[in-house]
Amino acid sequence: MILNETERKIIESSIRDIPDFPKPGIVFKDITTILNNAQAYGVLMNHLYQRYKEYNLDYVAGIDARGFIFGAALAQMLGIGFVPIRKKGKLPYTTISEKYSLEYGIDEVEVHIDAFSNIPNARVLMIDDLIATGGTANAAASLINKAGATCVESCFIIGLTFLDGIKKLEEKTPVYTLIEVS
């Protein structure tokens, strides 16, 4: 299931562009304007529910931090658990981690070691607001699999197709983007 034209227009028109953020030359795609637009957020969440209700998922895993907003709401709508994938040092219990490269260094994401343990071979949907170069998303998908679950699909509200993040991630898991920016 993909967005119909009306849904696409409602969601696209609620995304704000912020030029030169976080640095000159970057046009930041601000999704907070989806969140404060009840119609756009409702259309978005209903679409995600309709798409994933037949996937037989056990969990939705959201990437820190905007993935929490969409992931937790979707998990509740689907009647399944939500698992946060956080930046290093943010989770209170024993964790497993996955490192990934940034333009100027290395970062790391973590999940609780028992996040998926109550359902063997858990089927997990990973979600975040945007995929660009794919470093965080690739690390998160690897982390889900390392934790004993299966990342059955990765979902992003926005996909920046002029970068190679989607292609890289598709080597690990299917990728669904609602809005593509070329």
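Within segment 5-17, can you find the residues that are in contact with a Phe, Trp or Tyr (Cβ under 9 Å, 6 or more places away or on another chain) and surrounded by fewer than 12 Cβ atoms within 10 Å (Cβ to Cβ)?
The answer is Asp17, and nothing else.
Starting from segment 27-42, keep only residues that are touching a residue at least 40 places away in the same chain (Cβ under 8 Å) and under 11 Å from Asp129 (Cβ atoms), then list their pairs with residues that are among the aromatic types (Phe, Trp, Tyr) and in a helix (DSSP H, G or I) whose Cβ atoms are within a distance under 6 Å, requiring at least 6 positions of separation or different chains.
Ile34/Tyr41
Taking Tyr93, is it of a type outside the set (Gly, Ala, Ser) and either closer than 28 Å to Thr33 by Cα or touching a residue at least 60 places away in the same chain (Cβ under 8 Å) (or both)? Working first, answer last.
Details: of a type outside the set (Gly, Ala, Ser): yes; either closer than 28 Å to Thr33 by Cα or touching a residue at least 60 places away in the same chain (Cβ under 8 Å) (or both): no.
No: the conditions fail for Tyr93.
Mind listing just one residue for me: the one in segment 1-32 that is of a type outside the set (Asp, Glu) and part of a strand (DSSP E or B) and, of those, farthest from Ile179 (Cα to Cα)?
Applying the filter and picking the extreme gives Pro19.
For segment 28-48, what are the residues that are aliphatic (A, V, I, L, M) and either crowded, with 18+ Cβ neighbours inside 10 Å or on the phi > 0 side of the Ramachandran plot (or both)?
Just the residues of segment 28-48 that are aliphatic (A, V, I, L, M), to begin with: 31, 34-35, 38, 40, 43-45, 48.
Within segment 28-48, Ile31, Ile34, Ala40, Val43, Leu44, Leu48 meet the criteria.
Asn46 - would you say it is outside any helix (DSSP H, G or I), closer than 27 Å to Glu7 by Cβ and polar (S, T, N, Q)? Working first, answer last.
Working: outside any helix (DSSP H, G or I): no; closer than 27 Å to Glu7 by Cβ: yes; polar (S, T, N, Q): yes.
Answer is no for this residue.
Can you list residue pairs whose Cβ atoms sit under 6 Å apart, with the first residue in segment 64-81 being assigned to a helix (DSSP H, G or I) and the second being at pLDDT below 95? Count only pairs 6 or more apart in sequence or on different chains.
From residues that are assigned to a helix (DSSP H, G or I), there are no pairs.
Whether any residue in segment 92-102 is among the hydrophobic types (A, V, I, L, M, F, W, C), crowded, with 20+ Cβ neighbours inside 10 Å and either in contact with a Pro (Cβ under 8 Å, 6 or more places away or on another chain) or not in a loop (DSSP other than H, G, I, E, B) (or both) is what I want to check. Outline the logic, then answer.
Of segment 92-102, the ones among the hydrophobic types (A, V, I, L, M, F, W, C) are 96, 102.
Next, from what is left, pick out any that are crowded, with 20+ Cβ neighbours inside 10 Å: none.
Scanning segment 92-102, I find no residue that is among the hydrophobic types (A, V, I, L, M, F, W, C), crowded, with 20+ Cβ neighbours inside 10 Å and either in contact with a Pro (Cβ under 8 Å, 6 or more places away or on another chain) or not in a loop (DSSP other than H, G, I, E, B) (or both), so the answer is no.
Which of (1) modelled with pLDDT of 95 or more; (2) part of a loop (DSSP other than H, G, I, E, B); (3) more than 18 Å from Ala137 (Cβ to Cβ) does Leu57 not meet, given it meets every other one?
So the condition that Leu57 fails would be (3).
The values are calculated or read from the model by the stated rules, or taken from the named source; none is laboratory data. Here the structure is a predicted model, which means the values were calculated and not measured. Reconstructed Cβ throughout: ideal geometry from the backbone, glycine too, with neighbour counts over all protein chains shown.
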